[in-house]
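Worksheet: one structure, shown below.
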Amino acid sequence: MAPAVTVDVVEPATLPHKGSVAISNDKLNTKTADDVAEGKWKDFSFDAIRESQVARAMARRYFNDLDRYAESDIVIVGAGSCGLSTAYTLAKARPDLKIAIIEASVSPGGGAWLGGQLFSAMVMRKPANKFLIDIGVPFEDEGPYVVVKHAALFTSTLLSKVLAFPNVKLFNATSVEDLITRRDESAPGGVRIAGVVTNWTLVAMHHEDQSCMDPSTINAPVIISTTGHDGPFGAFSVKRLVSMQALERLGGMRGLDMNTAEDAIVRGTREIVPGLIVGGMELSEVDGANRMGPTFGAMVLSGMKAAEEALSVFEE
Ligand code: 48N
């Protein structure tokens with residue numbers, strides 16, 4: 001029988017402190033939901049724990065994951081709507097592949113937590129609604145497009161599905177701060193991308209005022225970069241390709257034209273240099289595509305296409 005646990009029962013401030021109550025775990029464990037619901041909180045307590053158990057539970061898993069994903073099959077840079085759609089499509093199709101997602105922000109989701117100008121509803125043009133049906137997100141059908149009542153419903157549902165895959169690991173609050181390259185004379189820019197260079201984002205943000213904070217790495221034969229259009233973090237990989245002269249120049253994202261933009265991003269999602277596929281709004285910076293504004297169907301379909309491009313590498 002489990003040892004009795006003595007706890008200090010702290011009543012709400014309005015009531016006098018009731019002092020310690022010895023509760024046998026068995027009694028506690030036999031508490032039913034009805035008991036708790038009947039407000040018998042006064043003698044409730046958790047089983048005892050030592051703080052180091054929590055610290056070890058987190059550290060062991062994190063560092064096991066770092067070890068496991070140090071060699072990944074696919075790395076996705078950026079967990080916005082495109083990156084998460086890519087991850088879902090890949091993980092569902094190939095549960096045997098190890099997929100690492102590197103997301104600079106603590107909170108993944110990129111620009112997909114709100115629809116546009118901080119409004120809640122999210123618009124997706126058909127046939128992107130088929131992806132919503134696949135992941136179980138309800139929407140209102142308005143003919144050529146559908147509306148999800150809150151963008152966070154889409155993003156949180158997709159994120160939960162992606163995180164539930166056993167072959168996916170999200171490293172959020174972690175930035176890709178460079179690309180691993182290999183000389184490849186057959187490649188247009190003479191390089192093949194063979195992985196990513198990572199650092200915790202708070203570290204990556206302080207290279208100007210702290211020295212010797214070297215990064216870590218993840219090797220992978222395929223990198224899918226979906227870091228969004230230009231901005232503090234945006235378009236990371238394509239800007240790096242230009243600075244290492246693996247890409248001549250960027251086309252620069254053009255003005256808003258919903259029809260032109262969405263078609264161009266979906267059609268254009270592709271491998272830019274060997275080993276690096278670019279999708280979502282990062283691609284607009286490569287091709288000089290228009291932006292589409294507050295409609296997200298192209299992000300989802302670009303993610304699906306990026307996944308198909310990656311899977312073709314593993315089918316060969
Ligand atoms: O949501 P974003 O920015 O990018 P996408 O391409 O997934 O979705 C774009 C979409 O939200 C739009 O911009 C809509 C359709 N509007 C268009 C328009 O006309 O304005 O997600 C990119 C993610 C973010 O979460 C960043 O934090 C992350 O990528 N990120 C990085 N993560 C790791 N390392 C980096 N170097 C890095 N850079 C960005």
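Per-structure values
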item	result
In degrees, nearest ten, helix 81-93 long axis to first principal axis of the chain (Cα)	80
With 20 Å bins from 0: P(r) over the chain, alpha-carbon pairs, percent	29, 45, 22, 5
DSSP bridge pairs, the chain: antiparallel proportion in percent, nearest 5	60
Asp134 - accessible surface, heavy atoms, 1.4 Å probe, Å² rounded to 10	70
Portion, in percent, of the accessible area of the chain that falls on carbon or sulfur, probe 1.4 Å	56
Cα-based helix-to-principal-axis angle, 151-164 vs the chain, degrees rounded to 10	80
15 Å beta-carbon shell around Val54, net charge (K/R +1, D/E -1)	+2
Selection of trypsin sites (Lys or Arg not before Pro), the range 213-281, meeting DSSP coil and at most 11 other Cβ within 10 Å	Arg249
DSSP beta bridges in the range 25-183 [antiparallel fraction, %, rounded to 5]	45
Prolate/oblate/rounded label for the range 28-152 (Cα gyration tensor, a/c 1.5)	oblate
The range 51-90 residues near the modelled Asn172 label - backbone nitrogen below 14 Å, point 7 Å along Cα→Cβ	78-81, 84
Extension gain (nm, one decimal) between Asn219 and Arg56, 0.36 nm per residue minus Cα-Cα	56.0 nm
Neighbour cut-off at most 15 other Cβ (10 Å), DSSP loop, trypsin sites (Lys or Arg not before Pro), the range 114-183	Lys149
Gyration tensor verdict on the range 70-125 (Cα atoms; rounded if a/c is under 1.5, prolate if a/b is larger than b/c, oblate otherwise)	oblate
Cα gyration tensor, the range 192-316 - rounded (a/c under 1.5), prolate or oblate	oblate
Accessible heavy-atom area order of Val313, Val106, highest first, probe of 1.4 Å	Val106, Val313
Helix axis angle, 297-315 relative to the chain longest principal axis, alpha carbon, degrees	80
Label zone at Ala187 (point 7 Å along Cα-to-Cβ), backbone N below 15 Å, the range 220-242	220-225, 237-242
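The values are calculated or read from the model by the stated rules, or taken from the named source; none is laboratory data. Because the structure is predicted, anything quoted here is derived from the model rather than measured. Glycine gets a Cβ as well: all are built from the backbone with ideal geometry, and neighbour counts include every protein chain shown. Accessible surface is based on the protein model in full, side chains and every heavy atom, while ligands, DNA and RNA are left aside. Shrake-Rupley method; radii C 1.70, N 1.55, O 1.52, S 1.80 Å.
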